[in-house]
Amino acid sequence: MKRLTYSKVQELYREYSTPPHVIRHCKGVTMIALMIARELNRYGHSLDLEMIRGAGLTHDMARVQERHWDVAADKLLELGYPEEAALVRLHMTGVGYSPVEHVNEQDMIWLGDRLIKEDTYVGIDERFRYIENKAIQRGEGPEVMARIDKSKGDMQHLMDGIAGVIGMTIDELIGIGTNMADLFDETEVEEEAR
């Protein structure tokens, strides 16, 4: 299966005029997702790190456009990256986390995107305070707030399951306040599978 190279990702950033702060966010999401996935793989899971990397780096590449997740996913499909496209298309839902024994690449992208504020790892409580405050500012009703609360509970359940597998919390693995984009190493990005 062909995977995105970092040079192709950079071309896409240019094509979509992805702002620098969004690129840093994408790198941060990618690093969180990869750190968790690598740790799970050490304990018997077999998550596709290259798929996670490609989807993480491109999940918000079209953020300046309406329905950016669909715009980005459609482009990835057009380019021949269907698995990454599927992850990108669903990254905004955050619904239906898998039980830890069936954790998958989508769960990694969801976790990465919901444990970070721009490019800094903030953990679940800080991030969901931010999400709740944005919903309040938009005047969302109780049903939206209930969905946010359920999503947080589901995510916490998955995080607790992951902690049980890897022997530490995700906060301990990564560290609250860590600037994730600074950890991204472009030399580590592997070339596209042939």
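The values are calculated or read from the model by the stated rules, or taken from the named source; none is laboratory data. Model, not experiment: these values are computed from the prediction. Quick reminder, even Gly has a Cβ in these numbers, built from the backbone with ideal geometry, and neighbours come from all protein chains shown.
The set of residues in segment 127-167 being more than 18 Å from Met92 (Cβ to Cβ) and surrounded by 15 or more Cβ atoms within 10 Å (Cβ to Cβ) consists of Met159, Gly161, Ile162, Ala163, Val165, Ile166.
For Asp185, indicate whether it is surrounded by 11 or more Cβ atoms within 10 Å (Cβ to Cβ) and of a type outside the set (A, V, I, L, M, F, W, C). Judged against the criteria, Asp185 is not a match. Within segment 78-103, residues that are in contact (Cβ under 8 Å) with a residue 60 or more places away in the chain reach partners that are part of a helix (DSSP H, G or I) and of a type in the set (Lys, Arg) with beta carbons closer than 8 Å, at six or more positions or on different chains, in the pairs Leu79/Lys8; Gly94/Arg114. For segment 1-49, the set of residues classified as touching a residue at least 60 places away in the same chain (Cβ under 8 Å), among the aromatic types (Phe, Trp, Tyr) and part of a helix (DSSP H, G or I) consists of Tyr6 only. Picking from residues in segment 65-110 that are modelled with pLDDT under 95 and of a type in the set (Lys, Arg), the one that is surrounded by the most Cβ atoms within 10 Å (Cβ to Cβ) is Arg89.
From Met145, Met168, which residue is farther than 17 Å from Met31 by Cα, assigned to a loop (DSSP other than H, G, I, E, B) and hydrophobic (A, V, I, L, M, F, W, C)?
Working: Met145 fails: assigned to a loop (DSSP other than H, G, I, E, B).
Within the list Met145, Met168, the selection yields Met168.
Can you confirm whether segment 115-126 contains a residue that is under 18 Å from His25 (Cβ atoms) and loosely packed, with under 13 Cβ neighbours inside 10 Å? There is no residue in segment 115-126 that is under 18 Å from His25 (Cβ atoms) and loosely packed, with under 13 Cβ neighbours inside 10 Å.
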